[in-house]
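Each reported figure results from applying straightforward, stated rules to the coordinates on display, with no laboratory input. Just so we're clear, the structure is a prediction, and the values are computed from it rather than from any experiment. Cβ atoms come from the backbone with ideal geometry, glycine included; neighbour counts cover every protein chain shown.
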Amino acid sequence: MQNVWPIFKRELRAYFDSPIAYVVITVFLLFTGWFFTTNFFVAGQADMRVVFGIIPFTFLFFTPAITMRLISEERKTGMMELLVTMPIHDSAIIIGKYLAALALLVAMIIPTLVYVITVASLGDMDVGPVLGGYLGLILMGAAYLAIGTFGSSLTDSQVVAFIVSWVIVFAFFLLDKTLFLLPGWMVSYVEYLAIEYHFQNIARGVIDTRDIIYYLSLIALALFLAARVLAGRRRR
Amino acid sequence: MIEISNLTKTYGEQKAVDNISFKVEKGEILGFLGPNGAGKTTTMKIITCYMPPNAGDVTVGGFSVLDDSIEVRKMIGYLPEINPLYSDMNVVDFLKYIADLRGLSEDLQIRRIREMIDVCCLDEVLHKNINELSKGYRQRVGLAQAMIHDPEILILDEPTIGLDPNQVIDIRNLIKQLGREKTVVLSTHILSEVQATCDRAVIINNGRIVADSSLADLQRDLEGKTSINLEITGAENGVEERLSKIAGVDEVREVFLENSGGRSFRITSSPGSDPREEIFRCAVEAGWVIMGMSREIRSLEDVFHQLTRESINPPPS
């Protein structure tokens, strides 16, 4: 596992040495900033509800954009051939790259703390939901990125990787919006699978282990599958 | 060091490698020779644990690529055919990255990177980005990458492809120098490369081994096939008889050429002998006039063409 570190470092550098990181972060902040400023002052409530309402939606597009190149680019340039012929476990490659994407996501979210400071200075803010909201954002983003990493492992085309990841992520996003169409006995199961349902729970400021376990197992499953795809080449 | 046994790899219907077996001894430079698409790269990808065989096994230093692939990968330095490099990194950073991945300690990394810079003559491009490098330098970075952890075995897939003649000579010398201590397997479809660098050649065609012998043996076999073309005038009967008596002459056959004033003979000599002097004396004794005498050595090219003829397409000119 000590091989995770060099892969992580290289990947993070690749993000920040190229325009990718800056474009992603800038557009994300413009988007959320616009929603924050147009709605917050109208609503007149000292909370982050507006921001936490819009960010999950932006994640749908930003996370596949962050992860699309992770594996597919390496496959395309042939670098993967070098990586997998080194004495490194496939999972180390996946985890190193995944963590770099996660670091970029965190770097993307951190500037939104400016909104928190604004809110806190304007009114009496309840800290619990804000902390919960950020934890939820990171967990949900982490789950999206894991799915994106899996999507990127499937193909050597970044465009295909983006679309596949987006479709999977969007399916998870839609699940709890379709509940009213489902027969009653299915609702609780589908609800548990839905990615935003757990976010809403955590964002209320109530941290339930079930929600955490949901995200962690989704991340583990997606990364496991990505590693399997990489290793699939090695099986007879 | 490397033992390949009954290796088979199929892509869909097509057999890329078909039941091949050979061994590579420690300290040997093996030339893996064959036309494009013969199965060289596939075999190398299996040895380096990039992909598994459909049947058969490869062991490297006693470890199987199927069961102990991590151990195998530790022992091998690999330069793939496409020579992948991170084009946005500079040479030193890239080598450092590879050394990191190979798990070299910080001190060792510095020492090895310095050695690689010396061995591969990279000092002029150290801090250049890889995308600014010429093909020759990129290839050297690829070699440096493959050797950074001082592996016992080097697998080089077409190491001189796309280089200019001077660079080719440089890289060949480098490989030769490395081969003194290491086991090297290099693939190529250029015969002179094998002649220039290798101890042994395995020739593969359509996924099968068609020849496997040391270069000395191969050379001797070739000399065994030496023939002498002789053109004389003033000869009566019994030329074949007289020539056959000369030591070192195996066979004499008269050939009929147009536009030739005299008679022509094709003489096959036995391995390791050169009977041209004796032929001259014999001619003087018999009163023949030699109009021409030339010796033809079959080149490695001829052998290669003969062995792989079925699949060779005329090279694009």
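If you place +1 on the Cβ of every Lys and Arg, -1 on the Cβ of every Asp and Glu, and leave all else neutral, what size is the dipole of the protein assembly as shown about its Cα centre, to the nearest 20 Debye?
Details: 51 positive and 64 negative charges, 219 e Å.
Charge dipole of the protein assembly as shown: 1040 debye, to the nearest 20.
For chain A, list the DSSP H helices whose alpha carbon atoms reach 30 Å or more along the long axis and whose average Kyte-Doolittle value is 0.5 or above?
A:19-43, A:127-153, A:209-232
Describe numerically, in nm with one decimal, the distance between label points set 7 Å from Cα along Cα→Cβ at B:D57 and at A:V167.
Between B:D57 and A:V167, the label points sit 4.1 nm apart.
May I ask you to compute the full-extension gain from A:W5 to A:L131, defined as 0.36 nm times their residue separation minus their alpha-carbon distance, rounded to one decimal in nm? Write down the numbers at each step before the final one.
On the way: separation 126, 0.36 × 126 = 45.36 nm, distance 2.86 nm.
Length gained between A:W5 and A:L131: 42.5 nm.
Give me the extension gain from B:I190 to B:S64: residue separation times 0.36 nm, minus the current Cα-Cα distance, reported in nm with one decimal. Provide the component values of the computation, followed by the final result.
Working: separation 126, 0.36 × 126 = 45.36 nm, distance 3.03 nm.
Additional length available on full extension: 42.3 nm.
Kindly express, to the nearest 10 degrees and within the range 0 to 90, the angle between helix B:91-101's C-alpha long axis and the longest C-alpha principal axis of chain B.
With rounding to tens, the tilt is 70 degrees.
Using only Cα atoms and rounding to the nearest 10 degrees, what angle (0 to 90) does helix B:215-224 make with the longest principal axis of chain B?
10
Roughly how many nanometres apart are two label points built 7 Å out from the Cα toward the Cβ at B:R208 and A:L221?
The answer from the label model is 5.0 nm.
Against the longest alpha carbon principal axis of chain B, how many degrees, from 0 to 90 and to the nearest 10, is the axis of helix B:106-119 turned?
On a 0 to 90 degree scale, this one is about 30.
So which trypsin sites (Lys or Arg not before Pro) in the range B:136-220 end up in coil per DSSP with only 12 or fewer other C-beta atoms within 10 Å? Working shown, then result.
Values: sites: B:R138, B:R140, B:R172, B:K176, B:R180, B:K182, B:R200, B:R208, B:R220; in loops: B:R180, B:K182.
For trypsin sites (Lys or Arg not before Pro) across the range B:136-220 that sit outside H, G, I, E and B with at most 12 neighbouring Cβ atoms in 10 Å, the list reads B:R180.
Computed FRET efficiency, Cβ-Cβ of A:S188 and B:V119, R0 45 Å: what is it to the nearest 0.05?
Numbers: r = 66 Å, r/R0 = 1.46.
Rounded to the nearest 0.05, the efficiency is 0.10.
Given all pairs of different Cα atoms, what value in angstroms does the Kirkwood hydrodynamic radius of the range B:2-221 take? Don't jump to the answer; show the numbers that get you there.
On the way: mean 1/r = 0.0563 Å⁻¹.
By the Kirkwood definition, the hydrodynamic radius is 17.8 Å.
Quick one: length gained pulling B:D250 to B:I82 fully straight, 0.36 nm per residue minus the C-alpha distance? Numbers along the way, then the final one.
Details: separation 168, 0.36 × 168 = 60.48 nm, distance 4.86 nm.
Contour length minus the Cα-Cα distance gives 55.6 nm.
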